[in-house]
Amino acid sequence: MSQQTRIRRTTVPQIAARKGGEPIVSLTSYHAHTAAIVDRHADFILVGDSLGMVMHGMETTVGVPLDLMIMHGRAVVRGTEKALIVVDMPFGSYEESPNIAFRNAAKVMKETGCGAIKLEGGRRMAETIRFLTERGVPVMAHTGLTPQSSHVMGGFKTQGRDEESWQSHIDDAKAVAEAGAFALVLEGMVEPLAARITKEVAIPTIGIGASKECDGQILVLEDMLGLNPWTPKFVKVYGQLGPMIEQAVGDYAEDVKSRNFPGEDQVYR
Ligand code: KIV
């Protein structure tokens, strides 16, 4: 390299080094302007495939295409300058083989400018995670409730209710950590299991409906802002944007109907 460029964003090694330290702050974002706000507070921002449900009204994340992830990923990278941006690999873009996963992950990184990708799955994805990380693609893993497998799981169900299943979840977490994942999202998992995984793996765990013992938390931005019609019960709602928008749009409609809107001379000063 002929010239050193200053890396301003939070890096993958900086996130990995937060294991057992100050909790990692994270939210999803799909949109340049909201991402700019989140960027001032979050260590990393996930362009999650939940955007299929939140932004596009899909029933699950299974139908999300790679190009949609790239389009939203690019918008979030454009709107931010500080946080590490992680883009989700959608269903069907990485499971078939490590080669296909690399081709699609490289496309996501080149076309969005993101710093890492996330994929779902434990032991079954370990070989792919090793293949990607050895070739320059930082991977955030995701185990527990994995929404892309919701059809196999029979819905969005909390994992680990049956203690006999714990060892399988622990083995999944250890396998992705040993394969080179730099962090692990634990979604929808009973608290003692998430706490135990957090103790037993060397990489930071990021909980969502999991445990406050995790090394950080992620929420879907629209859930914590009160913007989604349905909010999962583990989500603390910090704003009421849904009702605020309803009120503002209703007031606007009333103004227009009563011709209470300004003319051009009052607007363009
Ligand atoms: O797609 C997403 O938003 C996610 C988070 C829920 C972790 O994977």
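So what is the accessible area of the chain per residue, in Å², with the probe set to 1.4 Å?
Per-residue accessible area for the chain comes out at 53 Å².
Using a Gaussian network for the chain with springs between C-alpha atoms less than 10 Å apart, which of these wobbles most: ILE245, ILE206, ILE15?
ILE245
For segment 12-224, restrict the atom set to alpha-carbon positions and state the Rg and Dmax in Å.
15.5, 45
Compute the length gained on full extension between VAL62 and ARG123: take 0.36 nm times their separation in residues and subtract their Cα-Cα distance, giving the result in nm to one decimal.
Using 0.36 nm per residue and subtracting the Cα-Cα distance, I get 19.9 nm.
Starting at the first residue of segment 235-251, write each ³J(HN,Hα) from the Karplus equation 6.51 cos²θ - 1.76 cosθ + 1.60 with θ = phi - 60°, in whole Hz, x for Gly and Pro.
My calculation for segment 235-251 gives 7, 7, 8, 9, x, 10, 5, x, x, 5, 5, 4, 4, 5, 5, x, 4 Hz in order.
What residues from segment 189-206 fall in the zone where the backbone N is under 13 Å from a label point 7 Å along the Cα-to-C-beta line of SER168?
Counting only backbone N, you get no residues.
Cα axis of helix 66-79 to longest principal axis of the chain: angle in degrees, 0 to 90, nearest 10?
Once rounded, one gets 70 degrees.
For the chain, with a Gaussian network of springs between Cα atoms less than 10 Å apart, report the residue from LYS118, LYS19, LYS257 with the top mean-square fluctuation.
Largest GNM mean-square fluctuation: LYS257.
Provide the gained length on full extension for the span ALA248 to ARG161, in nm with one decimal, where the gain is 0.36 nm per separating residue minus the Cα-Cα distance.
27.0 nm
Using only the heavy atoms of the protein chains and a 1.4 Å probe, how would TRP230, TRP166 rank by accessible area, largest first? Display every interim value, and only then the final one.
Values: TRP230 185, TRP166 35 Å².
Final ranking, largest accessible area leading: TRP230, TRP166.
So how far apart, in nm, are the two label points at SER149 and GLN14 if each is 7 Å from Cα heading toward Cβ?
3.3
To the nearest 10 degrees, how steeply does helix 166-178 sit against the main Cα axis of the chain, on a 0 to 90 scale?
90
What percent of all Cα-Cα pairs in segment 9-105 falls in each 5 Å bin, counting up from 0?
Using 5 Å bins, I get a P(r) of 3, 14, 21, 20, 19, 15, 7, 1 for segment 9-105.
Using only the Cα atoms, what convex hull volume per residue in Å³ does segment 19-73 have?
Taking only Cα atoms, segment 19-73 has a hull volume of 95 Å³ per residue.
If you stretched the chain out fully between LYS82 and ALA32, how much longer would it get, using 0.36 nm times the residue separation minus the C-alpha to C-alpha distance?
This chain segment gains 16.7 nm when fully extended.
Determine, from the Cβ-Cβ distance of PHE234 and ARG259 and an R0 of 35 Å, the FRET efficiency 1/(1 + (r/R0)^6), rounded to the nearest 0.05.
0.15
Which pairs break 32 Å Cα to Cα here: LYS82/LYS157; LYS236/LYS257; LYS82/LYS236?
LYS82/LYS157; LYS236/LYS257
Give me the angle, in degrees from 0 to 90, between the Cα long axis of helix 98-112 and the longest principal axis of the Cα atoms of the chain, rounded to the nearest 10.
Once rounded, the angle reads 30 degrees.
The values are calculated or read from the model by the stated rules, or taken from the named source; none is laboratory data. Keep in mind that what you see is a predicted model, and the values were worked out from it rather than measured. Cβ: placed from backbone, ideal geometry, glycine included. Neighbour counts: every protein chain shown. Quick note on the areas: whole protein, heavy atoms, side chains included, nothing else; ligands and nucleic acids left out. Shrake-Rupley method; radii C 1.70, N 1.55, O 1.52, S 1.80 Å.
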